[in-house]
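The values are calculated or read from the model by the stated rules, or taken from the named source; none is laboratory data. It should be emphasised that the depicted structure is a prediction, and the values quoted were computed from it without experimental measurement. Quick reminder, even Gly has a Cβ in these numbers, built from the backbone with ideal geometry, and neighbours come from all protein chains shown.
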Amino acid sequence: MLFALLAGFMLSFLAPVLHRLLGKLLVVPMVLFPLALFAYFCTQLPGVLAGNVLLQGYAWAPSLGINLQFRLDGLGLLFALLVSGFGALVMLYTKGYLGESPLLGRFYLYLTLFMTAMLGVVLSDNLFCLFIFWELTSITSFLLIGFDSDKEEARTSAWQALLVTGAGGLALMGGLILLNLATGSYTFSALLNGEKFMATHPLYLPATLLLLLACFTKSAQFPFHFWLPNAMAAPTPVSAYLHSATMVKAGIYLLARLGPVLGGTEVWQMVLLMVGTATTLLGALLALQYTDLKAVLAYTTISALGLMVSLTGIDTPLALKALLVFLLAHALYKGTLFMVVGAIDHSTGTRDAQMLRGLGPHLKLLAAAATLAGLSMAGILPFFGFVGKELLYEATLHSPRLTWWAFGGAFVSGLAFVAVASLLSYGIFWHKASVSTPVKHAPSFSLYLPPLLLGLLGLLLGLSPSSLAAPLLEQAFQVIASTTTELHLALWHGFTTIFVLSLVTVSLGVLLYFLLPRLQQLPITYQRLYQNGPNKLYHLTFKGFLKGAKAFTRRVQGGYLRNYMVTIVLFFCCLLVFVLWRDAPAIDLSQRVHLLQEVRLYELVLWVLVMAALLYLLNTRSRLTSIVVMGLVGYSAALFYILFGAPDVAATQLLIETLTVVIFVLLLHKLPAFTYLSHQYRKYKFVFVSVLFGSLMTYVLLLVQEHAVTSELQQFYGKASYLQAHGRNIVNVILVDFRGFDTLGEITVLAVAALGIFALLRLNPEKGGKR
Amino acid sequence: MEILLPFMIGILFAVGLYFMLHRHLFKLILGLILFGLATNLFLFVVGGITRSSIAIIPETEEVATEPYADPVPQALLLTAIVIGFGIQAFAIVLVRRVYQTLKSNNLDELNSTDKT
Amino acid sequence: MRTVIFATAIRILTPLFLLFSLYILFRGHNNPGGGFIGGLIGSIAFIFHTLARGPKDTVDTFLSLTLRIADRMPGQSRPAYLSQMLKANLVGRKKELPDQWRQHSLRLRPLFLIALGLLIAVSSGTFSFFRGEPYMTAWWPDTHLPVLASLGTPLLFDTGIYLLVLGMVLKMVFTMSRD
Amino acid sequence: MHPNLLLLLPLLIPLYGAIACLLCWRWIKLQTAVTAASQLAWTAAAGMLLYHVLGQGVLATQIGNWPAPFGITLVADIFGALMVLTGTVTGLAVFLFSLPGLDRARKRYGYYPLLLFLQMGVSGVCLTGDIFNLYVWFEVLLICCFALLSLGSTRGQLEGAIKYVTINFLASGLLLTGVGVLYSLFGALNLAALAQMVQEANHPNLSLLPIAGVFFIVGFGIKAAVFPMFFWLPASYHTPPIAVSAFIGGLITKVGIYTLVRLFTTVFVVSLSFALPLFLVLAGLTMVIGVIGAAAQIDFRKILSFHIISQIGYMLMGLALYTPLALAGTIFFTLHNVLVKTNLFLISGVVAQAEGTFALKKLGGLYLRRPFLALLFFLSALSLAGIPPLSGFWGKLMLAKAGFASGNYLIAGTSLAVSLVTLFSMTKIWNEVFWKKKKKPAPPVKKTSTDVLRQRLLYLPVIFLMLFILLMGLYAAPVLMLAETAAAQLLHSETYIKAVLK
């Protein structure tokens, strides 16, 4: 399986190159590859049907428990077949839809990459491996939605989809980490074989909620559904493949996978049921509002996804059975319908339901495909959709919780499905119209073959559900239900209540179809509901965030150096005060008062001199005086050094002070006079900060003086300086020998300073380049 | 003197910082220099100051005779002074250059690079 | 500042200062002093000179060497030519030159001093590698010279510092005063 | 090779290179050749160092042959060696970029020697085992950054440099006073010696250690651009040419983080009860504020600059959690971030060289015109946002997992949320620079063949770094192993102490 995936990655990155080489023939390898995958998975069928689970593992990052571990069981195989088989058809369809685009190579790149990633999602056994592929599907979806990158709408929609699913991805990551921490297992196999993750575990609730969040965003559940209709900005093959048949079902897949581990609790069931049914209702209601056929399909997809989530939430074997059947049926008919709409769009240039009339005679094969799919969608008798709907009604009616809520959702969406199916199969093709929409050019072979095949498959599965679909579905069922109940699928259950309900649905649904034009003309409450819904909220958040970020950044990074300094210094002072308060003993100055008596007069004079100089410095406005007084302070410091036994330091200080004054004189005396600027505003704030800082430094100094230790370095240097290092001036010996390395760094600083000054003064901006 | 010097250093720090918080470029430079001076003195005093003899081994001896000033802070201080000089020199030139190029000595006017 | 007396005094004082700075450099290992202080004193000498007479004069006086070169006359023997060159360069520098002489100016750039100082300082530590010891291990060969007492790699290191400091200050001051 | 030489080479090679550059100041071609040779040799030396450290454990050499607490020690453990190696790789890439990507005037005024001095400083900081020596190398870094940031003296550069200089000067002052306090209280400067005193836990002044700690937290916090001390970074990092800001922006703040990790795993171990919660809070705030700042920007380079801050938060978070996994996460994240951030800066440079601007509004349409550049950017950007399986994912995963495992749900959740906003900013750049149609298409300028060649050459360093990023992501196991061993080594400071004090 790893090799299949690797081949997919390789092929996808080769696509642009192949496009250059092969031109339009690019489609051949791109279709053959999914077909080969499909064939490969078919060869695995017998083994899986016999109940075997194929496990493969390759080490990747073993220390983190992230390995390329794959697991092929019934559920995985079902999805893998769906992904690869559907993939082949979509690849073919793409040729008809985008065959002329110069970016075809890139499109195939993203599409194949997506297919591979999606296969990775459904085949992964390792939790984080799944996560990686999951994120990859989000990324490829982003690139595909924004494929028409010139259009602003495409860009914003792509961005929206990425951010919503990306947020979900992060929730998934958090959830998986928590799951891993709580159970200690890294793979689904281990999770399934291990003890059940008990609801009483403290991490159960956060982990479950995070994982649910991830599934909801991916599968476009309320209130995160809004990205899906917007994602219809993508080219139609993408909508058919990613946004109806495969990627959006990744959430359902994960829910089904995790069901045996997390399911069965009240939280699980209630949240899923409530969110699922809400989504179902919302999707169904909004689907009837739109005239853009892709939007209509998108909302029915949302509705169907909601149903699937509710089914997972009902959590009975029957519901899980219904889930699988409905999922398969939905993928078949919805993919078909998307492709049909795309083909219509391609050949007529519009996809507005109100503009499309009487297409049937011109586009016979498409009409046939649409009719097949529509009948399946409406749940008419010999189609697979019928089997799905029967099971759906039965499962919701036997829901252990919120029965009527769940059934109501299923029923309303059933109505909407029938209406939409009538619109798509009957309304735009066969409904009598005075003027039929002109067809610019007939769709090519690759545009109508894939939907037709899919439509036929829907019929085929419906006609003989027990022999074709049932075996695989049963294996999948056993994975998610973790029971060994047999799965019976039959087309005809007899004349039961359910059947009556089906009939009622169809007839009411057809009635609804005739009311559709009116509904569509009433952009009243529902539209407002939509406009004030989560999509609006998203945009508000988006704009608000940007605005807030700007305002905030302007405040924080205002450009005033002194505010920066004040913040930093205050932060330092706070930390220091806290630490001093917490750890340090109080200083006891009384013991050191006697030291005052030892102060000699000249020291005191020097001290007073420095103070006076500083005071003068604070008050003078003259530049030259300031420089002179600065020099005075510096020389006083040198005197202090000399008084306390540091002649080398004193000499250096003296010379450097002189140099500084010289530099000042050299540089600043030629400048025009500086204008005087007062501290102007909030002067006291700065005084406060300065005084606080100064006094803290004094405090620390006094404290540390009290606790100073005699260093063993002093003794060592005293002994070794002459005997081992041949020098009597210990300070100098330290500088050039004991710690000569410091000096090396120090002279480097000097050299760089000289270089920097040279460049600063000589290199003019005019001479320098802009970048 | 050990007890008086910390106060002087504290005041030096305070004045230095106060100048650094000034919006005048020239005051900023004065502040940097004063702050550097305060830092150096801090290092000197915190290493322990004595009036005992300087850290030079007399011609007659082979090892230093106790008591002698701890040479380590002095050596560190020397390094620090020189490094500080390099940086201060650069800063002075930078200020001059800023004044020359931007025609302003008001720090509050130098906030174009932070604009969002 | 540029009075005659000051300028003359500077001319005499500068070499003295330089000598003094060298003295400070070499006594540093045993007495207060060393490469830094020496280098700074030396550079202050140059600074006063520059302040008094401008950077160009300082460079001309101390940091550049003008060679006088003439082509060898046909038939002139090699030793005679060499002695003529030496004479022209060493003895009669004030005299005006005949036409066929060219002036060739060698300048000691402060940047070169910096690089040289850094090179000497860094390299003084690498000798120890050849003896299998860690970097900067001091090496004191058994030599006793009259002025320098003993000679070792730390002294070489200090000399590097001296040169670097000298070069650095000169570079800065020349750049600034020309600006 | 003997550690005596092995540990010195990463320092001496750039230094000798810089000296050689100074000696041939007038001849830029010669300088270029010298720099190229130094870069290659530096990389080789760092690689050898890592190889030996892996084979023989922590290596140490005593400068001047003075025994450990008295002289200066150079010491390399895995983290240090890894940092140097990452520095060399980015150095090589930036050098390659500067060949065609930097103007001649700046090269004539010492770009090459300054770069080499800076690289020497990086090696020094990463390898030194002495606190004062650390300060000295930081000053070398600092003055090199000053000079490089202002090299060219454009208005923006000068403005940024003034803020950079002032705030970093404050940091240096605090560090120096901190060293003084530490020396006065413990009488030692050698990190290993200090660590030993702390471990033996009978020193009378141990309770005062946090006071010194505060000086270092703030000092290195400023250097590492941690909230609330980051202001100098967004003011200055985007002003110089890309060949400068890529190296400084990519590497130097991480060196600050490296130092914090080093100090708080060796010396300040007893003050952890105070420091770790503080770091945790600061990490969260740094992440959030950095990323909010980035979201507000509309300039390619400014977005990248603000993101540096945000990612510093991640690295600090690993230190704050202080578990083996978290530290390994910090190490991995640091390495990854140096490479990716440098690469993104370089890409912004490639874009600007072609389009003449960094402003998102004026850019556009590169998706169609330069698909390969788009791919390179997309991969780097996703890696920065931590999208699997690229390199950023592993660091993020380790940090988040460590956060959850230690019960710090808030910080782990914040780190995940912040990565979403990072994704937002990165896709914003993608939308504006690559997808959007350019508003005013520039009039077609005739390009000479040298121009075309120059632009092609600019891709070279980007591809070079991309290879490393991809390798780190797709073939993560060895680097993860390295990070984990390095973290284990950090947490068992006995080996470090033993190697130094012998």
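For the stretch D:208-236, the set of residues classified as modelled with pLDDT of 90 or more and not in a helix (DSSP H, G or I) consists of D:Ala225, D:Val226, D:Met229, D:Phe230, D:Phe231, listed by residue number. Taking the criterion of being in a helix (DSSP H, G or I), surrounded by fewer than 24 Cβ atoms within 10 Å (Cβ to Cβ) and among the hydroxyl-bearing types (Ser, Thr, Tyr), the residues of the stretch A:400-439 that qualify are A:Thr403, A:Ser422, A:Tyr426. For the stretch B:13-26, which positions are more than 7 Å from chain A (Cβ to nearest Cβ) and surrounded by 24 or more Cβ atoms within 10 Å (Cβ to Cβ)? Across the stretch B:13-26, the qualifying residues are B:Gly16, B:Phe19. Here A:Val731 fits the description: closer than 22 Å to C:Ile120 by Cα, facing chain B (nearest Cβ under 7 Å) and surrounded by 20 or more Cβ atoms within 10 Å (Cβ to Cβ).
Quickly run through the stretch C:27-52 and pick out the residues that are touching a strand residue (DSSP E or B) at 6+ places or on another chain (Cβ under 9 Å), surrounded by fewer than 23 Cβ atoms within 10 Å (Cβ to Cβ) and in contact (Cβ under 8 Å) with a residue 12 or more places away in the chain. Result: C:Asn30, single match.
On the basis of being at pLDDT 85 or above and either within 30 Å of A:Gly414 (Cβ to Cβ) or not assigned by the TED database to the domain that holds A:Thr291 (or both), does A:Lys547 make the cut? Criteria met by A:Lys547.
May I ask you to say which residue of D:Leu344, D:Leu325 is of a type outside the set (Val, Ile, Thr), surrounded by fewer than 24 Cβ atoms within 10 Å (Cβ to Cβ) and either assigned to a helix (DSSP H, G or I) or over 21 Å from the mean Cα position of the chain (by Cα) (or both)? Of D:Leu344, D:Leu325, the one residue that is of a type outside the set (Val, Ile, Thr), surrounded by fewer than 24 Cβ atoms within 10 Å (Cβ to Cβ) and either assigned to a helix (DSSP H, G or I) or over 21 Å from the mean Cα position of the chain (by Cα) (or both) is D:Leu325. The conditions of being more than 8 Å from every other protein chain (Cβ to nearest Cβ), over 19 Å from A:Leu755 (Cβ atoms), crowded, with 24+ Cβ neighbours inside 10 Å and hydrophobic (A, V, I, L, M, F, W, C) are met by D:Leu127. Could you list, in sequence order, all residues of the stretch D:266-291 that are part of a helix (DSSP H, G or I) and crowded, with 24+ Cβ neighbours inside 10 Å? D:Ala275, D:Phe279, D:Ala283, D:Thr286, D:Met287, D:Gly290, D:Val291 - these are the residues of the stretch D:266-291 that are part of a helix (DSSP H, G or I) and crowded, with 24+ Cβ neighbours inside 10 Å. Total residues in the stretch B:88-116 satisfying the condition of being touching a residue at least 24 places away in the same chain (Cβ under 8 Å) and facing chain A (nearest Cβ under 7 Å): the figure is 7. Do we find that A:Leu576 is in contact (Cβ under 8 Å) with a residue 60 or more places away in the chain and within 14 Å of chain D (Cβ to nearest Cβ) in this structure? Yes. Of C:Phe157, C:Phe174, which residue is modelled with pLDDT of 85 or more and over 25 Å from B:Leu78 (Cα atoms)? Within the list C:Phe157, C:Phe174, the selection yields C:Phe174.
Only one of the listed residues (D:Ala188, D:Ala201, D:Ala171) is of a type in the set (A, V, I, L, M) and more than 9 Å from chain A (Cβ to nearest Cβ). That residue is D:Ala201.
When the test is whether a residue is surrounded by 24 or more Cβ atoms within 10 Å (Cβ to Cβ), facing chain A (nearest Cβ under 7 Å) and under 23 Å from A:Thr743 (Cβ atoms), B:Leu37 passes it. Without any contact (Cβ under 8 Å) to a residue 12 or more places away in the chain and outside any helix (DSSP H, G or I), is that true of D:Gly407? Taking the combined requirement at face value, the residue satisfies it.
Checking the stated criteria, B:Glu2 turns out to be surrounded by fewer than 23 Cβ atoms within 10 Å (Cβ to Cβ) and facing chain A (nearest Cβ under 7 Å).
For (1) without any contact (Cβ under 8 Å) to a residue 40 or more places away in the chain; (2) assigned to a strand (DSSP E or B); (3) of a type outside the set (Phe, Trp, Tyr); (4) crowded, with 24+ Cβ neighbours inside 10 Å, each residue gets a yes or a no:
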{"position": "A:Trp268", "(1), (2), (3), (4)": "no, no, no, no"}
{"position": "A:Val271", "(1), (2), (3), (4)": "no, no, yes, no"}
{"position": "A:Met274", "(1), (2), (3), (4)": "no, no, yes, no"}
{"position": "A:Ala278", "(1), (2), (3), (4)": "no, no, yes, no"}
{"position": "A:Ala295", "(1), (2), (3), (4)": "no, no, yes, no"}
{"position": "A:Thr300", "(1), (2), (3), (4)": "no, no, yes, yes"}
{"position": "A:Ala304", "(1), (2), (3), (4)": "no, no, yes, yes"}
{"position": "A:Met308", "(1), (2), (3), (4)": "no, no, yes, yes"}
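Mind checking whether some residue in the stretch A:548-559 is in contact (Cβ under 8 Å) with a residue 60 or more places away in the chain and at the interface with chain B (Cβ under 9 Å from one of its Cβ atoms)?
no
Within the stretch D:145-183, the only residue that satisfies the criterion of being surrounded by fewer than 24 Cβ atoms within 10 Å (Cβ to Cβ) and outside any helix (DSSP H, G or I) is D:Thr154. Quick check on the stretch D:305-322. Is at least one of its residues more than 19 Å from D:Gly395 (Cα to Cα), over 15 Å from the mean Cα position of the chain (by Cα) and either of a type outside the set (Gly, Ala, Ser) or more than 10 Å from every other protein chain (Cβ to nearest Cβ) (or both)? Checked the stretch D:305-322: no residue is more than 19 Å from D:Gly395 (Cα to Cα), over 15 Å from the mean Cα position of the chain (by Cα) and either of a type outside the set (Gly, Ala, Ser) or more than 10 Å from every other protein chain (Cβ to nearest Cβ) (or both).
Considering every residue within the stretch A:735-742, establish whether at least one is farther than 15 Å from D:Gly64 by Cβ, more than 8 Å from chain B (Cβ to nearest Cβ) and modelled with pLDDT under 90. No, every residue in the stretch A:735-742 fails to be farther than 15 Å from D:Gly64 by Cβ, more than 8 Å from chain B (Cβ to nearest Cβ) and modelled with pLDDT under 90.
In the set D:Leu92, D:Leu82, D:Leu74, which member is of a type outside the set (Val, Ile, Thr), in contact (Cβ under 8 Å) with a residue 60 or more places away in the chain, farther than 20 Å from D:Gly17 by Cβ and outside any loop (DSSP other than H, G, I, E, B)? Break it down into steps so the answer makes sense when it comes.
Numbers: D:Leu92 fails: farther than 20 Å from D:Gly17 by Cβ; D:Leu74 fails: farther than 20 Å from D:Gly17 by Cβ.
After ruling out the rest, the residue left standing is D:Leu82.
Cβ separations smaller than 7 Å between residues 6+ apart or across chains give the following pairs from the stretch D:287-298 residues that are more than 7 Å from chain A (Cβ to nearest Cβ) to residues that are of a type in the set (D, E, K, R) and surrounded by fewer than 23 Cβ atoms within 10 Å (Cβ to Cβ): D:Ile298/D:Lys361.
Of the conditions (1) out of contact with any helix residue (DSSP H, G or I) (no Cβ under 6 Å at 6 or more places or on another chain); (2) under 30 Å from D:Leu99 (Cβ atoms); (3) in contact (Cβ under 8 Å) with a residue 24 or more places away in the chain, D:Thr450 fails just one. Which one is it? Among (1) out of contact with any helix residue (DSSP H, G or I) (no Cβ under 6 Å at 6 or more places or on another chain); (2) under 30 Å from D:Leu99 (Cβ atoms); (3) in contact (Cβ under 8 Å) with a residue 24 or more places away in the chain, D:Thr450 violates only (3). Scoring A:Leu397 on the criteria (1) within 21 Å of A:Gly455 (Cβ to Cβ); (2) surrounded by fewer than 19 Cβ atoms within 10 Å (Cβ to Cβ) leaves a single failure, condition (1).
When we screen D:Phe132, D:Phe216, D:Phe169, D:Phe117 for residues that are closer than 25 Å to B:Met20 by Cβ and under 19 Å from the mean Cα position of the chain (by Cα), the only hit is D:Phe216.
The set of residues from the stretch D:101-110 being at the interface with another protein chain (Cβ under 9 Å from one of its Cβ atoms), in contact (Cβ under 8 Å) with a residue 60 or more places away in the chain and assigned to a helix (DSSP H, G or I) comprises D:Gly101, D:Arg104, D:Arg106, D:Arg108.
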